[in-house]
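Structure record follows, encoded as structure tokens.
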Amino acid sequence: MAEIKPFSAYRPIPGLAAKIAALPYDVYNRQEACEVVAANPESFLAIDRAETGFGPEVDTYAPQVYERAAALLKEKIAEGKFLHEQKDCYYIYEQVMDGRSQTGIVACASIDDYCNNIIKKHENTRADKEQDRIRHVDVCNMQTGPIFLAYRASAPLNEIIGQAKREEPVYDFVSEDNIGHRVWVVSDDRKIADIREIFSAIPALYIADGHHRCASAVRVGLKRREANPGYTGREEYNYFLSVLFPDEELRILDYNRVVRDLNGYGREDFLARIGQDFLVEKKGTKPYRPAKKGEFGMFLEDEWYCLTARKEILSADVVEGLDVSLLQRYLLEPVLGITDPKTDKRIDFVGGIRGLEELERRVHTDMKAAFSLYPTSIGELFAVADAGKLMPPKSTWFEPKLRSGLFLHTLGEN
């Protein structure tokens with residue numbers, strides 16, 4: 001059963017939350033991060049991506065980058081820009097995007113639950129990507145970017161969240177991308193005990209977004225256990241910062257594909273070849289968004305098509321039956337020769353937040369064809385994780401993204 005504990009957060013003082021809150025560190029490339037920090041020096045991105053404080057001659061992963069992150073964080077706390085909660089609390093975090101709300105509980109999850117698969121994964125992680133955040137968390141002695149966890153909705157938790165949201169929020173702002181953010185503090189001892197007890201009866205939690213951040217936080221905790229063989233398990237480094245959302249409120253967007261060439265096929269031969277496994281239907285020049293599972297949009301030479309998977313290739317397997325798997329197994333690999341989408345330079349991925357127009361733009365600039373997908377469902381994500389399997393890369397795109405800098409979790413004495 002899941003251990004989800006309250007914690008005493010470092011969080012922005014009232015009036016600074018909107019300036020400090022930042023999108024996750026991995027949303028930006030270096031140039032974009034530099035531009036954000038130049039426009040808003042209070043942005044937490046200055047800490048999460050401390051290379052923004054150096055010229056291009058300094059490597060992104062140089063030791064002084066992590067040292068700068070730690071120094072900046074201490075400086076901002078010393079300046080009084082962050083307050084430290086006086087007791088362990090839970091926090092309620094609501095995000096509103098396009099009139100749609102999702103509300104999570106900010107808390108700390110157990111690294112043991114991660115290791116024992118009570119917190120379930122659906123993606124592999126890469127050691128090189130983990131190493132950056134391991135060093136950042138370890139040197140800063142803080143977890144700064146929350147992990148996006150999901151759970152099967154609980155009526156008692158919904159009731160507690162609803163009660164909390166009737167109070168005055170400590171933060172209420174709209175970020176530059178037009179996402180609304182509101183935060184409440186749950187400090188009542190009875191409600192804290194109730195939340196903890198309810199989660200202790202939930203058999204599984206799921207990483208929705210932030211696999212690398214999560215793996216990095218766990219590795220730092222395990223590293224500190226090794227350095228402190230007398231640890232009790234209660235030390236803060238045994239837990240990692242999370243926001244937990246009920247499945248019924250979550251929205252997964254499409255995660256689309258663009259390809260650089262047709263692997264030597266001419267247009268008509270290509271259409272004939274993919275017609276073996278997909279029903280191909282012309283849709284004209286208006287962007288085509290798939291209406292259901294098993295359908296794909298394709299943009300090729302200024303025309304949109306609907307590709308419908310023939311029943312012979314459909315699968316009841318939780319992974320093989322995913323639309324991203326069907327596209328990979330029956331089109332990208334056998335027709336276009338893209339055997340490993342993680343490393344092949346002939347394919348790129350476009351998050352659904354960018355819209356279908358971005359697919360057209362890419363085809364008009366540096367790509368040959370684009371494929372729009374029907375979004376993976378949260379139920380499919382749960383099913384894959386429950387089966388102990390992994391999704392293909394780039395299967396899910398969650399929006400809105402959690403902000404960094406609103407809640408910081410200290411790891412204790414280092």
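The values are calculated or read from the model by the stated rules, or taken from the named source; none is laboratory data. Remember, predicted model here, so these are calculated numbers, not experimental data. For neighbour counting, all protein chains shown are included, and Cβ atoms are generated from backbone atoms with ideal geometry for every residue, glycine included.
Would you be able to say whether some residue in region 66-84 is within 29 Å of R182 (Cα to Cα) and aromatic (F, W, Y)?
yes
Is it the case, given these coordinates, that V258 is of a type outside the set (F, W, Y), farther than 27 Å from A153 by Cα and either assigned by TED's automatic domain parsing to the domain that holds M97 or in contact with a helix residue (DSSP H, G or I) (Cβ under 9 Å, 6 or more places away or on another chain) (or both)?
yes
Whether any residue in region 91-107 is within 24 Å of P393 (Cβ to Cβ) and touching a Lys or Arg at 6+ places or on another chain (Cβ under 7 Å) is what I want to check.
Within region 91-107 (the criterion being within 24 Å of P393 (Cβ to Cβ) and touching a Lys or Arg at 6+ places or on another chain (Cβ under 7 Å)), the answer is no, since none of the residues qualifies.
Considering region 251-261 alone, what residues qualify as being crowded, with 19+ Cβ neighbours inside 10 Å and of a type in the set (A, V, I, L, M, F, W, C)?
I252, V258, V259
If you go through region 365-414 one residue at a time, how many are among the hydroxyl-bearing types (S, T, Y), under 20 Å from P290 (Cα atoms) and touching a Ser or Thr at 6+ places or on another chain (Cβ under 9 Å)?
3
Just to confirm my filter: which strands (runs of 3 or more DSSP E) fall fully inside region 63-112 and include at least 1 residues that are modelled with pLDDT of 95 or more and closer than 25 Å to E248 by Cα?
Output list reads 90-97, 100-110.
Working only within region 305-314, note down all residues that are surrounded by 20 or more Cβ atoms within 10 Å (Cβ to Cβ) and polar (S, T, N, Q).
Hits for region 305-314: nothing passes.
Each row is one residue, and each column tells you yes or no for (1) part of a loop (DSSP other than H, G, I, E, B); (2) at positive phi; (3) buried (at least 17 other Cβ atoms within 10 Å of the Cβ); (4) free of Cβ contacts under 8 Å to residues at least 40 places away in the same chain.
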| site | (1), (2), (3), (4) |
| --- | --- |
| N124 | yes, no, no, no |
| K129 | no, no, no, no |
| R133 | no, no, yes, no |
| D138 | no, no, yes, no |
| I161 | no, no, yes, no |
| I207 | no, no, yes, no |
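Looking at K120, is it out of contact with any Leu (no Cβ under 9 Å at 6 or more places or on another chain) and either without any contact (Cβ under 8 Å) to a residue 40 or more places away in the chain or surrounded by fewer than 22 Cβ atoms within 10 Å (Cβ to Cβ) (or both)?
Spelling it out, it is not the case that K120 is out of contact with any Leu (no Cβ under 9 Å at 6 or more places or on another chain) and either without any contact (Cβ under 8 Å) to a residue 40 or more places away in the chain or surrounded by fewer than 22 Cβ atoms within 10 Å (Cβ to Cβ) (or both).
Please enumerate the residues belonging to region 27-83 that are aliphatic (A, V, I, L, M) and out of contact with any helix residue (DSSP H, G or I) (no Cβ under 6 Å at 6 or more places or on another chain).
V27, A38, A39, V58, A62, A71, I77, A78, L83
Yes/no per residue for (1) surrounded by 17 or more Cβ atoms within 10 Å (Cβ to Cβ); (2) assigned by TED's automatic domain parsing to the domain that holds Q102; (3) out of contact with any strand residue (DSSP E or B) (no Cβ under 8 Å at 6 or more places or on another chain):
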{"residue": "D277", "(1), (2), (3)": "yes, no, no"}
{"residue": "P290", "(1), (2), (3)": "yes, no, no"}
{"residue": "F299", "(1), (2), (3)": "yes, no, no"}
{"residue": "E303", "(1), (2), (3)": "no, no, no"}
{"residue": "V318", "(1), (2), (3)": "yes, no, yes"}
{"residue": "L327", "(1), (2), (3)": "yes, no, no"}
{"residue": "G337", "(1), (2), (3)": "no, no, yes"}
{"residue": "T343", "(1), (2), (3)": "no, no, yes"}
{"residue": "V350", "(1), (2), (3)": "yes, no, no"}
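Okay, residues lined up against (1) assigned by TED's automatic domain parsing to the domain that holds A387; (2) closer than 24 Å to K121 by Cβ; (3) surrounded by 20 or more Cβ atoms within 10 Å (Cβ to Cβ); (4) in contact with a helix residue (DSSP H, G or I) (Cβ under 8 Å, 6 or more places away or on another chain):
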{"residue": "D194", "(1), (2), (3), (4)": "no, no, no, yes"}
{"residue": "V218", "(1), (2), (3), (4)": "no, yes, yes, yes"}
{"residue": "R234", "(1), (2), (3), (4)": "no, no, no, no"}
{"residue": "N238", "(1), (2), (3), (4)": "no, yes, yes, yes"}
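Any residue at all in region 14-27 that's of a type in the set (S, T, Y) and either in a loop (DSSP other than H, G, I, E, B) or more than 24 Å from I353 (Cα to Cα) (or both)?
no
If you go through region 281-288 one residue at a time, do you hit one that is assigned by TED's automatic domain parsing to the domain that holds A383 and either closer than 21 Å to R346 by Cα or surrounded by 21 or more Cβ atoms within 10 Å (Cβ to Cβ) (or both)?
Yes, region 281-288 has at least one match.
Can you confirm whether N256 is touching a Leu at 6+ places or on another chain (Cβ under 7 Å) and either among the basic types (K, R) or at positive phi (or both)?
For N256, the condition - touching a Leu at 6+ places or on another chain (Cβ under 7 Å) and either among the basic types (K, R) or at positive phi (or both) - is not met.
For region 28-55, give me the residue count where each residue is outside any helix (DSSP H, G or I) and either touching a residue at least 24 places away in the same chain (Cβ under 8 Å) or in contact with an Asp or Glu (Cβ under 8 Å, 6 or more places away or on another chain) (or both).
Within region 28-55, residues that are outside any helix (DSSP H, G or I) and either touching a residue at least 24 places away in the same chain (Cβ under 8 Å) or in contact with an Asp or Glu (Cβ under 8 Å, 6 or more places away or on another chain) (or both) number 4.
Any chance you could count how many residues in region 177-194 are in a loop (DSSP other than H, G, I, E, B), of a type in the set (D, E) and farther than 19 Å from S101 by Cβ?
Here the count works out to 1.
Can you tell me how many residues in region 141-160 are under 20 Å from K121 (Cα atoms) and touching a strand residue (DSSP E or B) at 6+ places or on another chain (Cβ under 7 Å)?
9
For region 385-414, which positions are of a type in the set (G, A, S) and either within 22 Å of G355 (Cβ to Cβ) or in a loop (DSSP other than H, G, I, E, B) (or both)?
Of everything in region 385-414, those that are of a type in the set (G, A, S) and either within 22 Å of G355 (Cβ to Cβ) or in a loop (DSSP other than H, G, I, E, B) (or both) turn out to be A387, G388, S395, G405, G412.
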